[in-house]
Each structure stands twice: as structure tokens, then as C-alpha cells.
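Asker: Got a structure for you, written out below as C-alpha cells; questions coming shortly.
The values are calculated or read from the model by the stated rules, or taken from the named source; none is laboratory data. Note that this is a predicted model, so its numbers are computed, not measured. Cβ placement follows ideal geometry from the backbone for every residue including glycine, while neighbour counts extend to all protein chains displayed. Surface areas here come from the heavy atoms of the whole protein model, side chains and all, with no ligands, DNA or RNA. Shrake-Rupley method; radii C 1.70, N 1.55, O 1.52, S 1.80 Å.
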Amino acid sequence: MSNTKTPQPNTPQDEVYLPSAEIIAQANVPNPEAARKEASDNLEAYWARRANELEWYKKWDTVLDDSNKPFYQWYVGGKTNIVLNALDRHVKTWRRNKLALIWEGEKGDVRTFSYHALNREVCKFANVLKSMGVSKGDRVTIYMPRIPETVIAMLATAKIGAVHSVVYGGFSVEALHGRIEDSESKVIITADGGNMNGKKIELKKIVDEALQRTAAPENVVVVKHLGSDVTMEAGRDYWYHELMNLPLTRNGLRCETEVMDAEDPLFILYTSGTTGKPKAILHTHGGYSVGIHATLKDVFDLKEEDRWWCTADPGWITGHSYIVYAPLIAGATSFMYEGAPTFPYPDRWWTMIEKYGITVFYSTPTAIRGLMRFGPSWPNRHDLSSLRLLGSVGEPINPEAWRWFHKNIGKEKCPIMDTWWQTETGMFMLSPMPVMKLKPGSATKPLPGIEADVVNEEGISVADGEEGFLVLKNPWPAMMRTIFKDPERYVSTYWTKFPNMYFVGDSARRDKDGYFWIIGRVDDVIKVSGYRLGTAEIESAFVSHQSVAEAAVIGLPHELKGVAIHAYVILKSGHEGNEQLVEDLRKHIAHELGPIAKPEKIEFVKVLPKTRSGKIMRRVLKARAQGMSEGDISTLEE
Ligand code: WT7
């Protein structure tokens, strides 16, 4: 019944957990090594087989076109639309009566959508977008709380062939402004606000402020969720519920899904990079559909009768791939929750697992560490026996949190799938499959068709156990295609450091079993509580404060958040660095970027360590803060 644990491990690498006979008996992939071999023997045949699990308007001529590396193309000549597989094919079957989405608001309100109902709302809203002049290729910004309309808006945009750009609802004015402007969105879809931890987050107010800084999009659609007061600008802003009831859409319960080329863009999603402004990662209809479907099915063993819960926000890639698209493509029932895990008590999540009979639960190390603090009595007062599999994503999971999750939530019978991947990869890359042996803290091995390695500065594989750069050595269908409007940056960021290898930006080790252990970012990306932020974006938010001349931020280890932001600030003359200013700056950052970017610590300094060319040496700041040797600082000017 339960997983067996090898006795008395000496090192974390030796602590292994084996799956139960039940887990093995029902696995979608009974033999991962055979699947890996199938894919490495013939990569194109493997991905053709996986693509054949989906419906196509027209099948592809070429599985993989690598004639213009690194601009790989997949399923060239194929015709599809992700909505064909996410909705259209299900409403033709008995699944039209199956629940696609169960939603609970933070206040306890519940809404459910069958596939039929979800499709109806998507068709109606697709017609609304069309009536606003949105057509194939146009960008639509979606800035929403975690509510069903977020899912409807994404699917409606995709259905008509437009490109969505979802901006996480926890981001604030400047982060939103930059993303609206760069995407040149025609329409913004938002809500009056959302509930988070007992507070109202007033999103429409943030939209209004962001739009004062930019050439306004033509229209703003506002979902009434809180019922709070908002300003509606005549001729620009429209209520969602009013648009959905216009006579023009009454007839509009039907909407043809736009036939797209496999390589047509589906969405852009901004993510923080090493330098400058966030990058708009571009994903497509065909390859993305295939990749996310294959990986969800293989890793989480999804079954028709499952109730799947991914706790992420649709505003991040995890939500795009594994709340919205892959579960729907699989015809699964997905659960979505609006609010905070600790509201009103620290057992909110466990209450809902019991209430809805969740079978597969996918969350994050930060959340687990946060809930761990309240002790096992909170999960223990609930019946969590519906759970079959657990998952983790976003940052390395420390073995203590892994063991707590395994014991107190999974009751030692649910394997934990530690999935390593990125906004750029679109789908899981390194991950266990349920039948595999697990080691707490390791994302185990590359999935079938993925070739990963750990290399040194010269791009040469390092020995087992040694730290190096994680790289990916062959293309995969859900890979990003480019950076929207900036193909050179796509090449220079990901494909230039090592020839013919995709540069991930993480460091890792591989052990003697071929298991990968992710260590952390090697660039200026900071993963605060698993959320991805860039030093450049935070520094420029600092400098936009009237008292700041210059700023440098680094990430330092933090017990709960994994990594926390520390800032070093040079003030303009005439300003005094006191407690009050620290508070003001923290507020300013939260207002510009969002509360997740609030620095843990702000220190006022007179100079910053720089190279001769004027680049801030964050490495030196980091070493100093951690009391380590500062390494080679001979290029320091000051
Ligand atoms: C970075 C990507 C795609 C999921 C959400 C994050 C880190 C992600 C793991 C994991 C260790 C992980 C890496 C990666 N990361 N999953 N299982 N173990 N680290 O997507 O915001 O694009 O961030 O998250 O550093 O490069 P993202």
C-alpha cells in the first residue's frame, strides 16, 4: 500500500522512495526508460505519435523543421487551434456534461462549468471580442483575479486567433503599463478587483493608472466581481456582463473556431530576464498543444475521473499550461481557487481538497513551507484520502518540505512529481513519472524526447556530482519560438552562450543515477517565493522614486521565500536614509511592480561595486552580504 523508504540514508542522494503497487498498476507510462528510448531513437516519430493523440483540422507535412536554427518549427503545414482540442472536440462527446471547471471564491462562493457551459461562455465572449474589432494576430491583455472569466477570456482570445498576454494580477502599475505598451494590445480585459487574504485588490484602479502612462488601447472590458466602485470611461470601458447580454451576442452562442497554422502565435507571456525590460515569450498553437498534453498525461497520470488542482495563477506559465490548456485538452475536471491558502484559517486548502475530492494536487515549495509552519494538526483534521499524486514546481524543494508534504498531505502513499521547467519551455522538461523512484529535492530525469546535460563554461559535460550549467540539447514541441518583436534577443539570450544548446539560466548537478538536482539561477533572475523577477526591473522601479540616484538588488537565501530581495540604494543629495524612507521605498516598489517585489531589506550606501565599464557587480554584493570571500575584484573601479 504505502511507499517504502530505504532505511537510514547517508546523503540526500541516497534517500529514495518507491511507488506502491497501486500507483504502478495504473500508470499511463509503465516504463519510462522505454519511452525515453523510443524518443531518442527517433525524435520525430515520437512527437508525431504524441501529436496523433490530438485532433487536427489538417495534419502536418513535417514534424520538425530545423533548417533555420534556433528558429525551430513544429508540425509545419498542420492546421489546428488549441480550442479545437480544449473545447470543440469535447462538446461533441458525452464530456459536454462533464465538469470542466469548479471554482471557489475566497469568500466561499462556488461556480461550476460543464464543458458545454464553458464552451457557450467562450463562444459568446469570442463574439464580443470580434465586435470590438479584435481579429487574428491582434494582442489582448488579460489582467484579472483568479476567477472563471480569466479562463473564458483566454480561450475566447485563442478561439478567434488573437494573441493573449496575461499579466499576473499581483503585478502593479508600472509592470502592467510596460506590458500593455510593449504588446500594443487592442483590448484589455480586467475586473473591478479580486479577493486576496481578506482584502480587496482593486485591479481596475491599477489599470486606470497604468493607462495614464501609455497610449490607451481602444477598449477595456471590466468583469464585475467585487461589486466595488470603479470609474468607467465612456466610449472606452464596458462591463463584461452587459456585453455578454447584448442582442448581438444573443445570437452569438455559436462562434466558429479560427483555423490556425500550427506555428501561428497563441500567446505571449512576459517574463523577467537578465537585463532590461521583461521579455515577451511567444508560444504557438500546434507544438504547445502537443507538448503540454503529453506531459500532463505522462507525469500526473491524468485519468477521466480525476479532479485536478494546480494552485498556480493563470498569470504565470504554470497556469497557462496546467490550469487552463492541458487539463481541458485532456477533458479533465480542473479546480481553481481565488484566494490565499491561509484564509480564513491555515487549513483552507485542505478543506477544499476534502470538499471537492481532489485527486491530484500540484503546488509550490514556498506554499508548502508556509503551511508547514502551522503544524500538521491543520491537514490532520481533514480527510485527504482522495489524493493520489502530488506535485511541486517553481523552485528547488528542500528535502524537509518534501518530507512534510509527503507525510502530512500525501500520507506516505502519494508520489511527489517535482517538475522542472520554465516559461520558455512551455511544458515539463525534467520530472519524475509516477512509477519512478524519488529522491526528495531532485526533479529526477529529462522526460522522453528531452536531452539535458550539465556543462562547464566551455560547454563540456562535467562529471557526476559536479556543479555546472544546465543545458538542453535538442528541441521540443512546446518550446518558445521567439521573443515577440525581438528575435535577436531570443538568439543571444538562449542560444549563444553554448553553440547548439539551449541555455537555461540554472545551475545543477547530476548524480550517479543520472538524477538532476537544480541548484538555482546563475543569472540576474530572482525567484522570490517561486515568482520570477528581474534585478533590472526592480532597480528601475527604485530609480523612479524621487530620492533615489542608483540602486542594485540581489537575491539572498530566505527560509520561507527560498530567495528574498536585498537592495542597496544610493540617494540623491539632500535625501536622508532613514526608517521612514525605507518604508516609503517599499511602498513605492509595491505600487510600481507589485507586493511580491517588495525588498526584504534596503541598505543605503555611498558607492556600488562596479566594473570599469560601469556594470554593477552583484556577485560582490552577494558575497559580501553572505560574509564570503569576494573573489576576483581586480576589475573593480571603486
Ligand atoms: C525557473 C523558471 C515553469 C514553472 C514556473 C516557473 C525554477 C522551476 C523548478 C523545480 C527547481 C525550478 C528554475 C527555472 N524552477 N521549477 N522543480 N526545481 N527549480 O517558471 O517563472 O519561468 O521560472 O524556475 O530556476 O529556470 P518561470
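Asker: Considering only protein heavy atoms and a 1.4 Å probe, what is the carbon-and-sulfur percentage of the accessible area of region 250-387?
Answerer: Roughly 53 percent, rounded to a whole number.
Asker: Take the solvent-accessible surface of the protein heavy atoms, probe 1.4 Å, and return the percent of it on region 474-574 that carbon and sulfur atoms account for.
Answerer: Carbon-and-sulfur percentage of accessible area, whole number: 54.
Asker: Output the lone cysteines of the chain: those with no second cysteine's C-beta under 4.7 Å from their C-beta.
Answerer: Cys with no partner Cβ under 4.7 Å: CYS310, CYS414.
Asker: Oh, and also: How many nm is it between the label spots at SER613 and ASP511, if each spot is 7 Å from the Cα in line with the beta carbon?
Answerer: 4.0 nm
Asker: Can you give the helix-only mean residue ellipticity at 222 nm for the chain, where every DSSP H stretch with n ≥ 4 adds -39500 (n - 2.57) and the sum goes over all residues, rounded to the nearest 500 deg cm²/dmol?
Answerer: -7500 deg cm²/dmol
Asker: Can you give the relative contact order of the chain as a percent, counting alpha carbon pairs under 8 Å and 6+ residues apart?
Answerer: Over the chain, the number comes to 13 percent.
Asker: Turning to a different aspect of this structure: Would you mind getting me the FRET efficiency between TRP94 and ASN52? Use the beta-carbon distance for r and R0 = 25 Å, nearest 0.05.
Answerer: Once rounded, the FRET efficiency stands at 0.70.
Asker: May I ask you to list the aspartates and glutamates whose Cα is less than 14 Å away from that of LYS69, ignoring any residue fewer than eight positions away on the same chain?
Answerer: Qualifying aspartates and glutamates at Cα under 14 Å: GLU488.
Asker: Over region 100-168, what percent of the accessible surface lies on carbon and sulfur atoms, probe 1.4 Å?
Answerer: The computed percentage sits at 44.
Asker: What are the aspartates and glutamates whose alpha-carbon lies under 15 Å from the alpha-carbon of LYS205, with same-chain residues fewer than 8 places away excluded?
Answerer: In chain and number order, the partners are GLU174, ASP192, ASP229, GLU233, ASP237, GLU592.
Asker: Which residues' amide hydrogens lie under 5 Å from the amide hydrogen of MET617, considering only partners 5 or more residues apart or on another chain, with H built in the peptide plane?
Answerer: Hits under the 5 Å cutoff: LYS610, THR611.
Asker: What ranking, highest mean first, results for peptides 536-543, 44-51, 326-333, 377-384 when packing means the other Cβ atoms within 10 Å averaged over each residue?
Answerer: Highest to lowest by the protection proxy: 326-333, 536-543, 44-51, 377-384.
Asker: In terms of modelled amide H atoms, which long-range or inter-chain residues lie less than 5 Å from the amide H of VAL223?
Answerer: THR190, ALA191, ASP192, TYR240
Asker: I need the peptides 456-468, 360-372 ranked by packing, meaning the mean over residues of other C-beta atoms within 10 angstrom, with the highest value on top.
Answerer: Final packing ranking: 360-372, 456-468.
Asker: Here's something else I'd like to know. Quick check for you: with a 1.4 Å probe and neighbouring chains kept, what is the accessible area per residue of the chain, in Å²?
Answerer: Counting only protein heavy atoms, the per-residue value for the chain is 38 Å².
Asker: Which of the lysines could be linked to LYS79 by a straight reach, that is with a Cα gap under 20 Å, when you skip same-chain ones fewer than 8 residues away?
Answerer: Result set, ordered by chain and number: LYS58, LYS59, LYS92, LYS136, LYS159.
Asker: Hey, another quick one. Sticking with the crude label model, points 7 Å out along Cα→Cβ, report the distance from HIS558 to ALA234 in nm, one decimal please.
Answerer: Result: 4.6 nm between the two label points.
Asker: List the residues whose amide H sits under 5 Å from the amide H of SER392, counting only those 5 or more places along or on another chain, with H placed 1.01 Å from N in the peptide plane.
Answerer: Residues meeting the criterion, in which the H sits 1.01 Å from N, are SER363, MET417, ASP418, THR419.
Asker: Can I ask one more? Using 0.36 nm per residue, how much length does the chain from LYS107 to SER492 gain when fully extended, once their Cα-Cα distance is taken away?
Answerer: 133.9 nm
Asker: DSSP H helices in the chain with Cα extent of 18 Å or more along the helix axis and mean Kyte-Doolittle hydropathy at least -0.5?
Answerer: Those that pass (Cα extent of 18 Å or more, hydropathy at least -0.5) are 115-131, 286-299.
Asker: How large is the charge dipole for the chain, taken about the Cα centre, if only the Cβ atoms of Lys, Arg (+1) and Asp, Glu (-1) carry charge, to the nearest 20 debye?
Answerer: Around 1180 debye, computed over the chain.
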